[in-house]
1. Under a 1.4 Å probe, what is the accessible area of the stretch 232-302 per residue, stated in Å²?
2. Taking H placed 1.01 Å from N in the peptide plane, check which residues at least 5 places from residue 128 or on another chain put their amide H under 5 Å from its amide H.
3. How far is it, in nm, from the label point at residue 166 to the one at residue 312 when both lie 7 Å from their Cα along the line to the Cβ?
4. Label the stretch 1-74 by shape, choosing from rounded, prolate and oblate, from the square roots a ≥ b ≥ c of the eigenvalues of the Cα gyration tensor; if a/c is under 1.5 it is rounded, and otherwise prolate applies when a/b is larger than b/c, oblate when it is not.
5. Using only helices, what value at 222 nm comes out for the chain when you add -39,500 (n - 2.57) per DSSP H run of length 4 or more and divide by the total residues, to the nearest 500 deg cm²/dmol?
6. Find the accessible area per residue for the stretch 1-141; the probe is 1.4 Å, ligands and nucleic acids are left out, and the unit is Å².
7. Counting DSSP beta bridges with both partners in the chain, what percentage is antiparallel, nearest 5?
8. Whole-Hz ³J(HN,Hα) for each residue in the stretch 23-37, computed from phi via Karplus 6.51 cos²θ - 1.76 cosθ + 1.60 with θ = phi - 60°, x for glycine and proline: what do you get?
Amino acid sequence: MSDRIPYGRQWIDDDDVAEVVGALRSPFLTQGPRVVEFESALAARCEVAHAVAVCNGTAALHLACLVAGVGVGDTVLVPPITFVASANAVRYCGAMPRFVDVEPDTGNMDPLLAAAALTDDVRAVVAVDMNGHPADLAAIRTAVRGRDVVLIEDAAHSVGGEYRGRPVGCCEYADMTTMSFHPVKTMTTAEGGAVLTNDDDYAAALRRLREHGIERASSSFTGPLAEGAGAWYHEMHALGYNFRITDMQCALGVSQLRKLDSFLEKRRAVVARYREMLADRTDLILPTEREDVRSAWHLFPVRLVDASRRRAVFDHLRDAGIMVNVHYIPVHLQPYYVELLGMEPGSLPNAEAYYAAEISLPIFPALTVAEQERVVGVLEEALA
Ligand SMILES: *Cc1c(COP(=O)(O)O)cnc(C)c1O
């Protein structure tokens, strides 16, 4: 069905294609100069010292948790309204997530509830910038002050957003920020992700773990065969992974990064039109954008005042080819986590109410006015 409208879609121009082809024809398909170029450009855009690019956003979260020291016996605070990867990264390290309920308006982790959930075994907090709206990192930072807790911002939704006048990823409040460049997010490398940090030691550890735990700097050598060894020599210092990203992907990343501001502008125009078209509706709650924030508008979540009608409204939109979605099924109620933690419906009321009422309307830079009018027309029909 060609007239389907997806909830999100990437934007690829001829110059993106040319960059990727250029990488493909170069001597390096991976481990080459385009990875470094993308990392430098991303770090500059985000006003941060280091960007470590990896194969996807989930690997970025996994590595961030590892270098934060998260391990068996530890607990990590995670919001329940997120993609499962935010919690799974904690499990990869052998630790347990503790789900902290969300603010009713943003769907982001509630800093006061996070403060109340802190115990001595909490090693890290993963704060998710839901829909592109940055989490209240300053308040979460205040909550964890004086504790041995690492603050990780999952910015998979918010690449290009701003918090308190500075770009998402600057790590003014977070110790590390992770990103995803999946095609549905605000810029893409097909698959891809990154960890951003101002901490030199974290950056070195992230680079090592991205590549099998291998160390190449001779100043760091400690092994019994280091003495007198030649240029072939390297050492494995930790059990790392192959979480590398390719030069073709990073070529696309460099090209997409140049257009990030124009993507955001187009997303904001879509948001402004939705706000205008839906302004008079009393049966819908439109997404908030707080004063100290600029959302990157990965998603445009509306919530029905009468959540009991969500299923019917959703089905009506889908039947008309409007490929709406729901973000997210609360992670604490996914069967894997029910088995692990034993939480029941009703245990995180804000998250569950948010989920019950939510529908994500189509939003992406190329969404036309005509398409948006069709979305709103079908939505109004569904609500009638
Ligand atoms: C997309 C996403 C991820 C994972 O990113 P991938 O690149 O798909 O691995 C993590 N967290 C959130 C909130 C996401 O939306």
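1. Per residue, the stretch 232-302 has 48 Å² of solvent-accessible surface.
2. Amide H to amide H, under 5 Å and 5 or more residues apart or across chains, residue 128 pairs with 109, 154.
3. For the pair residue 166/residue 312, the computed spacing is 4.9 nm.
4. The shape class here is oblate.
5. Mean residue ellipticity, 222 nm, calculated: -11500 deg cm²/dmol.
6. About 38 Å² of surface per residue is accessible.
7. Beta bridges within the chain, antiparallel portion: roughly 60 percent.
8. 5, 5, 8, 8, x, 10, 8, 8, 6, x, x, 6, 5, 4, 4
The values are calculated or read from the model by the stated rules, or taken from the named source; none is laboratory data. Remember, it's a predicted structure, so these values are computed and weren't measured experimentally. When we count neighbours, we look across all protein chains shown, and the Cβ atoms used for this are built from the backbone with ideal geometry, even at glycine. Surface accessibility is based on the protein's heavy atoms, side chains included, excluding ligands, DNA and RNA. Shrake-Rupley method; radii C 1.70, N 1.55, O 1.52, S 1.80 Å.
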